[in-house]
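First the structure, in the form of structure tokens, and then the observations on it.
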Number of protein chains: 2
Amino acid sequence: MLAMTAQLNPPTTLRTRGNASHLHRIALSAATRQGAHMRTEDVRAWLAQRRHANVLTVERVPFADLDQWHFVPSTGDLAHASGRFFTIEGLHVVEHDGPHGDGPYREWQQPVIRQPEVGILGILCKEIDGVLHFLMQAKMEPGNPNLVQLSPTVQATRSNYTGAHGGSSVKLLEHFADLDREQVVVDVLQAEQGSWFFRKSNRNMIVETSADIAQDEDFRWLTLGQIAELLHEDETVNMNARSVLSCLPYYDPNPGALHSDVQLLSWFTGERARHDVRTTRIPLASVEGWKRGPDAVEHEDGRYFKVVAVAVRGSNRERVSWTQPLLESVDMGVSAFLVRDFGGVRHVLVHARADGGFLDTVELAPTVQCTPRNYEHLPASQRPAFLDVVLQAGERIRYEAVHSEEGGRFLNTRCRYLIVEADAQVPSEPPRGFVWATPAQLTTLARHGHYLNVEARTLLACLNAASAWPRGVV
Amino acid sequence: MLAMTAQLNPPTTLRTRGNASHLHRIALSAATRQGAHMRTEDVRAWLAQRRHANVLTVERVPFADLDQWHFVPSTGDLAHASGRFFTIEGLHVVEHDGPHGDGPYREWQQPVIRQPEVGILGILCKEIDGVLHFLMQAKMEPGNPNLVQLSPTVQATRSNYTGAHGGSSVKLLEHFADLDREQVVVDVLQAEQGSWFFRKSNRNMIVETSADIAQDEDFRWLTLGQIAELLHEDETVNMNARSVLSCLPYYDPNPGALHSDVQLLSWFTGERARHDVRTTRIPLASVEGWKRGPDAVEHEDGRYFKVVAVAVRGSNRERVSWTQPLLESVDMGVSAFLVRDFGGVRHVLVHARADGGFLDTVELAPTVQCTPRNYEHLPASQRPAFLDVVLQAGERIRYEAVHSEEGGRFLNTRCRYLIVEADAQVPSEPPRGFVWATPAQLTTLARHGHYLNVEARTLLACLNAASAWPRGVV
């Protein structure tokens with residue numbers, strides 16, 4: 001009977017539902033501008049040294065030179081012989097907007113990356129000299145213009161963590177795949193680019209450890225203050241790292257916001273309900289307005305992006321290490337948050353954006369998110385809202401850096417990320433589809449998937465970085 | 001210049017992000033067992049009187065008697081001639097479970113309701129004599145065994161609120177379609193049954209008003225305490241009302257929980273990531289294992305549900321008001337939460353359930369959710385976990401009532417909802433796919449869509465009802 005009672009009422013320590021200690025320790029790490037392990041000014045040299053050690057080159061090749069990858073005869077889809085990794089297929093999107101999904105009508109077709117597996121993007125953190133440090137990897141990805149950037153500790157596909165490759169070769173993966181729930185700081189499924197991926201999401205994780213982690217030339221422990229400084233540099237912190245860092249919980253020191261959280265959620269629910277986005281996967285060969293040549297699948301007017309192929313070669317340049325398709329944007333993108341203080345509290349202007357690849361109609365996006373070149377042929381009235389305000393920002397720019405999109409899928413695909421003080425042209429009562437929210441409110445939403453799109457998550461990480469290191473200080 | 005400055009820095013009152021006053025006023029309404037408008041004991045008579053006033057009958061008819069509805073020749077899908085309302089199509093589901101989506105394999109085909117529009121389920125509330133009252137409608141739905149049940153103030157499809165019907169005929173819809181953001185208490189997209197609908201969700205709303213609302217025979221103001229008492233009665237509060245009520249925010253008086261909120265979210269993320277559910281819509285005529293007769297589309301072994309047709313007739317019984325298809329479950333379902341106190345705080349055992357119709361792999365479901373008859377042919381080892389514990393609960397039952405599923409889509413489809421004290425057979429460390437969470441934690445998750453499935457939301461509303469009115473008191 002004693003055993004049964006013990007089982008029924010085991011000695012239980014309840015936890016508080018919040019994790020206040022996380023908030024304090026994260027704030028301390030953000031305020032710590034020099035790390036215990038490596039000086040920030042030495043990170044650039046270390047990355048250059050890792051680039052040198054890798055000695056890889058990436059070259060565009062014709063599709064015919066792809067190894068194991070082929071266009072499926074029946075569909076024209078680009079796929080790997082194993083059926084694994086990802087495919088490039090077609091997508092047909094029909095969107096009805098307006099007050100109740102009955103308004104303006106958009107319809108288009110496009111190629112899209114389909115990769116239904118959930119990957120792991122994980123950053124390990126550890127208290128060193130009383131301050132949380134985050135283990136960043138110098139990782140080579142073929143699409144990065146500079147090849148090696150700071151990435152999460154672990155970037156793993158499902159095949160990595162299911163051992164389908166015959167045992168994991170991903171270092172430190174066990175901290176995330178065999179998770180100790182006591183050590184979780186962040187763990188949320190977040191979506192990738194809705195304009196390029198079909199419903200792709202990854203598990204964004206931050207896990208604390210007290211274990212001894214063996215030194216490794218590809219890994220360095222950095223404080224959040226150090227990473228914030230590095231986020232001011234071009235093409236240094238990769239997309240996955242930015243996404244994971246954006247999910248970190250931060251304490252909200254402000255007295256409130258223009259809208260309560262319930263009001264913000266209600267606005268979002270209304271945006272999701274009023275958009276009606278219906279998607280159908282179609283064969284890549286049937287996508288209207290796009291053409292396939294020997295070197296690229298591209299838009300007939302040269303807009304948007306291309307599907308291309310690359311070969312990655314090792315040091316002797318004779319041997320091809322691997323080949324793969326990548327997407328390449330036709331030009332640099334612009335993603336920007338307009339910001340303004342209301343009642344002394346900083347707000348950002350968020351946009352409910354519909355994309356064909358989102359799981360559910362809209363996600364919250366930057367005020368401006370586009371590749372300006374794609375709109376050059378259109379009259380001013382059809383250019384994205386606030387684009388000109390951002391492009392003419394000048395001294396109202398509070399943060400600016402060029403970052404790469406994920407180098408494992410995108411070739412030389414870069415975006416200028418901006419935080420811009422709103423001027424008088426920007427109304428306080430924003431147009432339909434936009435809302436003012438505080439960074440703290442976005443941080444709360446980032447605990448859950450499918451609220452903030454990946455570009456907004458990058459900018460949220462940049463906002464936090466700009467708080468830790470205002471422009472001009474760096 | 002003054003105008004511009006005013007625009008840039010308008011006089012701004014910040015709101016607190018939380019809505020503490022909502023919590024207090026909701027708690028007061030839940031504690032108020034008699035309303036200002038109608039005595040609870042009179043509700044039954046009022047519902048009976050509305051049933052009598054409606055004088056409608058519902059009869060099963062062969063598919064050939066459906067008006068405007070037909071089986072599309074090319075697919076066998078059941079559709080309305082207008083292309084509106086909903087269709088009944090086929091769904092092919094492939095599920096890989098296991099630690100990383102690489103484990104046990106399930107594959108099946110089934111009919112499914114497809115209705116991609118987002119409807120509005122809204123309850124209006126108002127302070128009367130200092131206490132929040134909620135405006136409940138006595139609404140007739142053809143699938144309800146007793147026809148009329150308590151429903152939200154408004155149940156509207158998109159055609160209702162876009163005026164596609166040539167001007168709305170839905171009373172009080174304007175409070176929800178033309179929302180005053182100051183008045184929002186609840187506004188969240190929640191999914192319907194994942195085993196019967198393909199990715200259907202509705203906007204669950206509670207909106208406060210101070211306006212004078214005209215008296216109407218079909219509407220009554222009730223306190224949450226009154227509704228709680230009525231939730232103990234069989235087939236009285238309809239599914240949509242239960243769903244909306246489950247989203248109400250409640251103050252959490254407890255010191256904590258077994259798992260912090262971050263740990264709970266991490267467990268959920270892990271469950272979503274380890275399940276791999278892939279669905280393909282297929283023609284209804286091609287669904288394997290199902291057959292179509294003149295009166296029903298049904299499973300070859302008589303399991304699960306049938307697609308049937310009904311005619312709704314007015315008082316003279318000669319004239320058919322309308323006809324429509326409905327789904328009919330083959331037997332009564334059972335949905336139950338096992339509950340247990342840990343450290344003096346009540347917890348419920350939640351299950352991460354995969355269904356073909358969910359937007360994203362799994363949602364949180366009751367400990368047990370099934371139609372037992374569908375498992376009678378299987379060995380004990382293949383019966384749902386904890387089903388026998390629930391069926392043999394006896395005096396460990398803390399709440400029990402039979403509720404109907406939505407009467408606009410389901411014919412006589414009822415489920416026994418139970419809250420059962422866990423006995424010694426139920427381990428404190430639950431099996432994979434289950435977790436102990438507090439009702440307060442579920443309430444926090446219900447602010448967001450696609451965490452709690454509709455059966456779990458009903459049980460959350462019942463948990464709150466059972467707190468306000470413990471069993472035996474009613």
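Just so you know, all these numbers are worked out from the coordinates, no wet-lab data involved. Since we're looking at a predicted model, the values are computed, not measured. For neighbour counting, all protein chains shown are included, and Cβ atoms are generated from backbone atoms with ideal geometry for every residue, glycine included.
What distance in nm lies between label points placed 7 Å from Cα along the C-beta direction at residue A:332 and residue B:375?
Placing both labels 7 Å beyond Cα along the Cβ direction yields 6.0 nm.
What size of dipole, in debye to the nearest 20, comes out for the range B:86-232 about its Cα centre when the only charges are +1 on Lys and Arg C-beta atoms and -1 on Asp and Glu C-beta atoms?
Around 340 debye, computed over the range B:86-232.
Averaged over every viewing direction, what's the projected area of the C-alpha convex hull for chain B? Give it in nm², one decimal, please.
26.2 nm²
Net charge near residue A:79: determine it from the other residues with C-beta under 10 Å of the C-beta of residue A:79, scoring Lys and Arg +1 and Asp and Glu -1.
Here the charged neighbours net out to 0.
Using the Cα centre as the reference, give the magnitude of the dipole from point charges on the C-beta atoms of the protein assembly as shown (Lys, Arg: +1; Asp, Glu: -1; all else neutral), rounded to the nearest 20 debye.
The calculation lands at about 280 debye.
Can you put B:279, B:13 in order, fewest other beta carbons within 10 Å first?
B:13, B:279
In peptide B:264-272, what is the residue-averaged number of other protein chain Cβ atoms found within 10 Å of each Cβ?
6
Sorting B:128, B:227 on the 10 Å Cβ count, fewest up front, what's the list?
B:128, B:227
Would you work out which of A:131, A:347, A:69 lies farthest towards the positive end of the dipole of chain A? Charges go on Cβ: Lys and Arg +1, Asp and Glu -1.
Final value for the positive-end residue is A:131.
Counting only DSSP beta bridges with both residues in the range A:315-417, what percent are antiparallel, rounded to the nearest 5?
80 percent
Only sites in a loop by DSSP and with at most 12 other Cβ atoms within 10 Å count here; which trypsin sites (Lys or Arg not before Pro) in the range A:326-425 make the cut?
none
Over the protein assembly as shown, how many pairs of lysines fall under 27 Å by alpha carbon, counting only those 8 or more apart in sequence or from different chains?
Lysine pairs satisfying the spacing and distance rule in the protein assembly as shown number 19.
Using +1 at the Cβ of each Lys and Arg and -1 at the Cβ of each Asp and Glu in the protein assembly as shown, identify which of A:91, B:336, A:232 lies farthest towards the dipole's positive end.
Result: A:232.
For A:361, A:443, A:280, A:209, what's the fewest-to-most ordering of other Cβ within 10 Å of each Cβ?
Fewest-to-most ranking of A:361, A:443, A:280, A:209: A:280, A:209, A:443, A:361.
Rounded to the nearest 5, what % of DSSP beta bridges with both residues in the range B:96-245 are antiparallel?
In the range B:96-245, DSSP labels about 70 percent of beta bridges as antiparallel.
Hey, got the dipole for chain A? About the Cα centre, +1 on K and R Cβ, -1 on D and E Cβ, debye to the nearest 20?
Using Cβ point charges on Lys, Arg, Asp and Glu, chain A gives about 340 debye.
From the residues B:325, B:205, B:466, which one has its Cα farthest along the dipole of the protein assembly as shown in the positive direction, the dipole being from +1 and -1 charges on Cβ of Lys/Arg and Asp/Glu about the Cα centre?
Value computed over the given set: B:466.
Along Cα→Cβ at 7 Å, what distances in nm separate the residue A:49 label point from those on the other copies, shortest first?
8.6
Helix-only mean residue ellipticity at 222 nm, chain A, DSSP H runs n ≥ 4 weighted -39,500 (n - 2.57), per residue, nearest 500. What is it?
That comes out to -6000 deg cm²/dmol.
Could you work out, residue by residue across A:200-207, how many beta carbons of other chains sit within 10 Å of that residue's beta carbon, and then give the average as an integer?
Going residue by residue through A:200-207 and averaging, the value is 2.
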